[in-house]
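Beneath this line is the structure, given in structure tokens, with notes to follow.
We did not get these values from a lab; they are worked out from the coordinates using the rules stated. As the structure is a computational prediction, the values presented were derived from the model and not from experiment. Positions of Cβ are backbone-derived with ideal geometry, glycine not excepted, and every protein chain shown enters the neighbour counts.
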Amino acid sequence: MLTKFKSTIISSNNIRTDRDKFINLIGNNCSQEFFDNTDKINTSFINLLNGSINLCEINKDSDLIYDFDMNNFNQENGIKALSFQSDNIEDDLEKFKLKGLKVSEIKKKEFIDTENSIIEILFFTIIKENKFGLDLVIFEEKNFFLKSDINLKNDQITKFNQVVVYTSESNNLKKLLMQDLDIRCALDKEFDFGNGKIRMMFFRIGGVTIEVVENKENEGTFFGGIGWHTENMRFCHKRLSESNFDISEIRKGRKPGTLVSTVRNAPLNIPTILIGLDD
């Protein structure tokens, strides 16, 4: 079964530059780069307490890590897919095949890290078959890529809070996430924030919420942004303000007891919101 949220997979045409931008946003350089059989970075991970940012290169002339085209249909760079960990990758592959999902076979990939160690990973992909689905990657449950020495500070981003997905067909995603992948649906409710009713669903795995928002205006499914958790909103807001980020004033969140702030010039222009507790 799927046990944890692993990463947001984000396409990049300059991994080193985009890695540095995310490190500035997060406030902690807990990252690791992996190379293929050349001296070019193939992928980079930036660690948080409940998942990772996984930057992948855009290069149609090379053997991409995953089975899907890394170019988004709605933007050049940005969130392309999500990944999860499996406690039995072989069993999950067969289970998802029986459920009719389009999946790759299990692939083995070897990388060389910055210490010249060979890292082997096992994974398969669940491939988006139409504009209403999602590209997903399932990894063997093994912490193969990242060091756990995260030194927490009050002004840092420490966790994913949510990844937002917009869709014009919310029942399709509910079936995929809840019935096919067995991810818990914690909320399925209509809200009215002043512009008419909107259906929202929260799917939770490994301390991360996949927030599905029904949007009938744009046909299809696409990623809408990331919500980040910080242990101290005011300290984190001050650090980002002093680091040339265009960040909104702190305001009350919709959830009682929370504070939020929007980063308007986040890396790769991914819609970004900070979330913390009201102290």
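How much net charge surrounds Gly133 when only other residues with a Cβ under 11 Å from its Cβ are counted (Lys, Arg +1; Asp, Glu -1)?
Details: positive: Lys102, Lys128, Lys131, Lys175; negative: Glu129, Asp135, Glu169, Asp180.
So the surrounding residues net to 0.
Quote the FRET efficiency, to the nearest 0.05, computed for Asn13 versus Leu98 with a Förster distance R0 of 35 Å and r equal to the Cβ-Cβ distance.
So, using R0 = 35 Å, E works out to roughly 0.40.
How high is the relative contact order of segment 157-277, in percent, counting Cα pairs under 8 Å that sit 6 or more residues apart? Mind showing how you got there, number by number?
Working: 247 pairs, mean separation 33.4, N = 121.
This gives 28 percent for segment 157-277.
Filter Lys6/Lys238; Lys107/Lys153; Lys21/Lys189; Lys109/Lys153; Lys131/Lys197; Lys6/Lys175 down to the pairs with a C-alpha to C-alpha distance above 27 Å, please. It would help to have the intermediate numbers written out before the result.
Values: Lys6/Lys238 29 Å; Lys107/Lys153 38 Å; Lys21/Lys189 36 Å; Lys109/Lys153 34 Å; Lys131/Lys197 23 Å; Lys6/Lys175 21 Å.
Pairs exceeding 27 Å: Lys6/Lys238; Lys107/Lys153; Lys21/Lys189; Lys109/Lys153.
For the chain, what are the per-bin percents of Cα-Cα distances with bins 10 Å wide, up to the bin holding the maximum?
Pair shares across the bins are 6, 29, 37, 23, 5, 0.
How much length, in nm to one decimal, is gained on full extension between Asn154 and Ile106, taken as 0.36 nm per residue of separation minus their Cα-Cα distance? Before the final figure, lay out each step's value.
Numbers: separation 48, 0.36 × 48 = 17.28 nm, distance 4.02 nm.
Gain on stretching Asn154 to Ile106: 13.3 nm.
For segment 22-27, just list the computed ³J(HN,Hα) in residue order, Karplus coefficients 6.51, -1.76 and 1.60, θ = phi - 60°, integers in Hz, with x standing in for Gly and Pro.
5, 4, 5, 5, 5, x
Want the number for Phe191 to Arg264: 0.36 nm per residue separation, take away the alpha-carbon distance, what's left? Don't jump to the answer; show the numbers that get you there.
Numbers: separation 73, 0.36 × 73 = 26.28 nm, distance 2.51 nm.
In short, 23.8 nm is gained.
Report the extension gain between Ile198 and Asp87 in nm, rounded to one decimal, defined as 0.36 nm multiplied by the number of residues separating them, less their alpha carbon distance. It would help to have the intermediate numbers written out before the result.
Values: separation 111, 0.36 × 111 = 39.96 nm, distance 3.54 nm.
So the chain would gain 36.4 nm between Ile198 and Asp87.
Where in segment 168-190 does the amide nitrogen come within less than 15 Å of the point 7 Å from the Cα of Arg254, taken along Cα to Cβ?
Residues 186-190 qualify, since their backbone N sits under 15 Å from the label point.
Name the shape class, rounded, prolate or oblate, that the alpha-carbon gyration tensor gives for segment 157-277, where a ≥ b ≥ c are the square roots of its eigenvalues, rounded holds for a/c under 1.5, and otherwise prolate holds if a/b is larger than b/c and oblate otherwise.
Prolate, since a/c reaches 1.5 and a/b exceeds b/c.
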